[in-house]
Amino acid sequence: MKNLIILFFSVLLLTSCKSSNVPYDDSGTLNNEKTETIIKPDDVEVAFEKIISTSRKRGSDGEYSTAQYLDEQLTLMGYKSEIVPFDVYRSDIDYYFNDFFNINPFNEEPIAKSHNVIAEKDFDTNKKTIVFSAHYDASRNSIGATDNGSGTAVLLETAKLIEPYIENLDYNVRIIFFGSEEYYLSGSKSYLLSLDEKELNNIIACFNIDMTSTKEWRRMFIDCEESLFSTEFLRLNPNFEMIKFGSSDHISFLKKYIMSLRFTTVDPFDKNFDSKILVDETENKYVETEFIKEDANIIFNFMKNLDIDNLYKK
């Protein structure tokens, strides 16, 4: 029996020492087939719900966490993205109309710290730049689904759609999500004041997105002064109407003599529309994700098909 036991363990030892035909891989997989977890940008539905999951008043934790989310998503898409802080100062309507770019008219300490999210890809200094923007903040304690979670989600989806085509466009694409728009357009003012003359001259136009994708009051508008930029958009989208109504970040660019327009699909002239109901939104009642996709595709096709030569005076 003892000899049998010795013989048994000898065979077992020889068997265990025999080399395996399967290569060793410390990753835990066979044949060196390592698995990678690829994190992709969120789908429209998920992105919109995350954007409106919190209130986003200027300088709030909700505004900043949303800026971080937008920055993360743009990075996942392949953009070079950064969160740029700026101070918000007390102002009033008189300074808004009479001294627009005076961001600290009372010479006081800041009332809030806000952030812009700015992203680019394949930037070419030999090309002009078009800014595509949306403000991501909201009024008071509102979740801002309509104003402007809708436009934020549309721009984020548009950024995803256009990303593979950017290198071949005849212009640079700069994506900007502005903070503190609801307080005298503070984000876009701060951004433009941070640019030197050369950087300002490189921007040929601004395409701003504010209040879109609602099932109620849906009507296709561009809100702007007539320009070569608006003419080019209407050439490619003749079903849109042009109006001059409201205030959004495109106004800041217009004040710097940069062609600009606001893309909106909310009809302010609809008898059932009341802007007051949007100030304290606690839930989404109006925005449809299918319309977010539709509006993003309209802008995406405009970006692909616009003729940059049409933006210069002949």
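Just so it is clear, none of the values below were taken in a lab; they were calculated from the coordinates. Not measured: the values here are computed from a predicted model. Glycine also receives a Cβ, built like all others from the backbone with ideal geometry; neighbour counts cover every protein chain displayed.
Axis of helix 2-17 versus longest Cα principal axis of the chain: the two differ by about 30°, to the nearest ten degrees.
Each Cα pair under 8 Å and six or more residues apart adds its separation to the average, and for the chain the resulting relative contact order is 19 percent. Look at THR282, THR212, THR129 and count the other Cβ atoms within 10 Å of each Cβ; fewest to most, that gives THR282, THR129, THR212. Highest-first packing order for the peptide set 95-104, 224-233, 62-71 is 62-71, 224-233, 95-104, based on the mean count of other beta carbon atoms within 10 Å. Approximating the spin labels as points 7 Å out from Cα along Cα→Cβ, the LYS313-to-GLU288 distance works out to 4.3 nm. Seen against the Cα atoms of the chain and their longest principal axis, helix 61-77 is set at about 60 degrees. Please report the base-10 log of the normalised intensity I(q)/I(0) for the range 197-314, using a Debye sum with one equal scatterer per alpha carbon and no solvent, at each q in 0.12, 0.13, 0.16 (1/Å). Values returned for q = 0.12, 0.13, 0.16 Å⁻¹ are -0.47, -0.55, -0.80. Too long at a 18 Å Cα-Cα cut-off: which of LYS40/LYS80; LYS113/LYS276; LYS160/LYS256; LYS128/LYS304; LYS127/LYS255; LYS127/LYS198? Table pairs above 18 Å Cα-Cα are LYS113/LYS276; LYS160/LYS256; LYS127/LYS255. Counting only Cβ charges, +1 for Lys and Arg and -1 for Asp and Glu, the dipole size of the chain around its Cα centre is about 600 debye. Listed by chain and number, the lysines whose alpha-carbon sits under 22 Å from that of LYS271, ignoring those within fewer than 8 places in the same chain, are LYS215, LYS244, LYS285.
Gain on full extension, evaluated as 0.36 nm per residue between ASN297 and ARG140 minus their Cα-Cα distance, stands at 53.4 nm. Ranking of MET211, MET220 by neighbouring Cβ atoms within 10 Å, starting from the fewest: MET220, MET211. At 4 °C and 1.567 mPa s, what whole-number value in µm²/s does Stokes-Einstein give for the translational diffusion of the range 48-311, with Rh from the Kirkwood sum over Cα pairs? Roughly 71 µm²/s, to the nearest whole number. The GluC sites (Glu not before Pro) found in the range 82-155 that occupy coil by DSSP, while having at most 11 further C-beta atoms within 10 Å, are GLU108. Gain on full extension, evaluated as 0.36 nm per residue between LYS128 and LEU195 minus their Cα-Cα distance, stands at 22.6 nm.
Rounded to the nearest 500, the 222 nm mean residue ellipticity of the chain from helices alone is -10000 deg cm²/dmol, with -39,500 (n - 2.57) taken per DSSP H run of at least 4 residues. Karplus-based coupling profile of the range 246-253, in residue order and whole Hz: x, 9, 8, 5, 5, 4, 4, 5, with θ = phi - 60° in 6.51 cos²θ - 1.76 cosθ + 1.60 and x standing for Gly or Pro. The fewest-to-most ranking of LEU76, LEU192 by surrounding Cβ atoms within 10 Å reads LEU76, LEU192. Does the range 143-213 come out rounded, prolate or oblate, given a ≥ b ≥ c as the square roots of the eigenvalues of its C-alpha gyration tensor, rounded meaning a/c under 1.5 and, failing that, prolate meaning a/b above b/c? Here the range 143-213 falls in the oblate category.
Return the percentage of antiparallel bridges among DSSP beta bridges fully within the chain, rounded to the nearest 5 %. Close to 45 percent.
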